[in-house]
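Okay, structure first, notes after.
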Amino acid sequence: MGALRTTLSCAGAAVAVALTPVAGGPHAAPPDAGDDTVVKVAPTAPRPGADVRVTVDRCGGRTGTAASDAFVAEARLTGTGVDGRLTGETRVRSGVRPGAYRVRIRCDGVPDRFAEVRVAGVRTGVAPPTPPAVSPTAPVPAGGGGLARAEAEAKAQEDAEAAAPGAAQTVTGLVLAGVAAAVVVLVPRTARRRRARQR
Amino acid sequence: MTVRGGRLLPVLAWLTLLGGTLVWAAELTDVDLPPPSGRPAAEPAAPAAPGPGVRLPPARRPLPPAAPRRIDVPSLELSAPVVPRPLDASGAPGTPPMDMAGAVGWWQRGPAPGSAGPALLAGHRDTATQAAVFHRLGELRPGDAIDVYRGDGRAARFTVEEVRTLDRDGFDARTAYGPRRPGRAELRLVTCAGAWDEAVRAYTANVVVSAYLTG
């Protein structure tokens with residue numbers, strides 16, 4: 001569980017992967033120990049300079065070590081509370097070249113075991129870097145719209161001013177209203193007088 | 001006679017009223033029509049090719065590559081720093097970040113201004129609130145000069161040969177960014193143009209100024 005928690009607290013894409021013990025070699029684990037031994041290194045593919053956590057199941061004693069040419073120092077493994085599971089932290093050397101490195105696990109009372117850590121390049125844990133585009137393909141998004149917005153506002157204001165009646169129109173309107181009022185008052189009166197005269 | 005004279009006044013009054021109302025209404029509904037040309041001067045829809053009066057100078061031999069540091073466009077009273085930029089996520093030549101809207105981005109993996117091939121310089125037209133470095137780019141005309149000051153201490157003078165507006169829809173990158181005449185040292189200045197589309201928060205076109213090394 002400790003390894004899982006560590007993993008989750010690292011970069012989102014980093015996932016602990018059970019590393020298979022490296023078979024063969026003078027220090028190869030005996031067949032009977034290899035089957036039920038689980039070694040985890042998190043993150044799976046650490047970058048140079050990154051912190052790593054090594055977790056080993058079925059260690060014989062209370063302490064152990066995990067050593068590698070890729071690490072600045074060996075990780076001291078101590079108990080996790082889970083029976084037989086030891087864990088420890090170390091750091092990948094910052095000057096190490098990307099590639100696979102052997103990790104030697106040494107537990108009390110158990111023969112040495114070997115696992116592998118893959119040191120990644122500059123970008124790891126995420127999708128492999130896409131090759132750079134040879135040439136640009138898209139139009140430039142080079143604006144925030146400020147000028148367009150200012151232009152639209154200026155036009156709206158202009159329109160509002162144009163829509164309001166001008167002084168000349170107001171005067172004309174008043175004169176017309178006056179004429180209309182005069183007609184309304186005068187015409188019936190003239191008609192009445194005419195009718196009276198005709199009688 | 002009295003009867004006729006009595007009728008004349010209201011008839012005249014009504015005619016005056018009717019005529020006056022017609023004139024008034026015509027004034028009120030008067031609409032400002034756009035000028036018949038209808039083309040904004042700053043953004044030519046068709047490429048601005050050299051007119052009969054403009055004689056473009058011959059191309060100069062390309063210089064060895066060197067990064068640009070500064071660009072001057074005397075006719076626009078523009079002088080701005082140039083910063084190297086990668087392509088952005090969409091594959092466009094990168095502009096400087098919005099808080100550096102007074103600077104111009106140079107596509108650092110492409111040709112350097114003054115060396116053979118089309119060097120790309122992209123700048124903002126505006127920010128969300130104000131004009132930015134390339135807001136007057138569309139006013140450039142064939143024959144105008146562009147000076148680029150380079151890291152090797154040399155100044156490369158370019159002459160504008162074409163200014164064109166390319167819509168985002170159906171954008172042809174080769175037209176915008178490709179070489180016009182192989183072997184020349186060319187320069188492209190690119191910014192936004194057209195109308196602001198609030199839905200996608202982008203302008204609808206690019207204005208691309210093509211120039212070539214002449215001094």
Review point. Say we look at the range B:109-140 and pick out the residues that are out of contact with any helix residue (DSSP H, G or I) (no Cβ under 9 Å at 6 or more places or on another chain) and more than 11 Å from chain A (Cβ to nearest Cβ); which of these is surrounded by the most Cβ atoms within 10 Å (Cβ to Cβ)?
Key: B:Pro113
Exercise for review: Identify the residue in the range A:44-66 that is open to solvent by less than 20 Å² (accessible area, probe 1.4 Å) and under 21 Å from A:Ala120 (Cβ atoms) and, among all such residues, is nearest to the chain's Cα centre (by Cα).
Suggested key: A:Pro46
**Study point:** Of the criteria (1) in a helix (DSSP H, G or I); (2) under 15 Å from B:Ala48 (Cα atoms), which one B:Ala193 fails
**Key:** (1)
**Study point:** Unique match (being at pLDDT below 85, in contact with a helix residue (DSSP H, G or I) (Cβ under 7 Å, 6 or more places away or on another chain) and more than 30 Å from B:Phe134 (Cβ to Cβ)) among A:Val126, A:Val122, A:Val187
**Key:** A:Val187
Check your understanding: Given the conditions (1) open to solvent by less than 90 Å² (accessible area, probe 1.4 Å); (2) more than 31 Å from the chain's Cα centre (by Cα); (3) modelled with pLDDT of 85 or more, which single one is not true for A:Arg106?
Key -> (1)
Revision key, fill the gap. Of the residues in the range B:171-215 that are of a type in the set (Gly, Ala, Ser) and over 19 Å from the mean Cα position of the chain (by Cα), the one that is modelled with the lowest pLDDT is B:Ala199
Practice item. Within the range A:142-162, identify whether any single residue is at the interface with chain B (Cβ under 10 Å from one of its Cβ atoms), open to solvent by 70 Å² or more (accessible area, probe 1.4 Å) and touching a helix residue (DSSP H, G or I) at 6+ places or on another chain (Cβ under 9 Å), and answer yes or no. Key: no
Review point. Does B:Asp167 fit the bill of being without any contact (Cβ under 8 Å) to a residue 12 or more places away in the chain and out of contact with any Phe, Trp or Tyr (no Cβ under 8 Å at 6 or more places or on another chain)?
Key: no
Review point. What residue, of A:Gly64, A:Gly60, is touching a Lys or Arg at 6+ places or on another chain (Cβ under 6 Å), within 16 Å of A:Val39 (Cβ to Cβ) and assigned by TED's automatic domain parsing to the domain that holds A:Val39?
Key: A:Gly64
Review point. From the list B:Ala205, B:Ala211, B:Ala185, which one is aliphatic (A, V, I, L, M), under 29 Å from B:Ala156 (Cα atoms), open to solvent by less than 20 Å² (accessible area, probe 1.4 Å) and at the interface with chain A (Cβ under 9 Å from one of its Cβ atoms)?
Key: B:Ala205
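The values are calculated or read from the model by the stated rules, or taken from the named source; none is laboratory data. Every value quoted in this text rests on a predicted model; they were computed, and no experiment measured them. In this analysis, Cβ positions are derived from the backbone assuming ideal geometry, glycine residues included, and neighbour counts consider all displayed protein chains. Remember, those area values only see protein heavy atoms, side chains included, never the ligands or the DNA or RNA. Shrake-Rupley method; radii C 1.70, N 1.55, O 1.52, S 1.80 Å.
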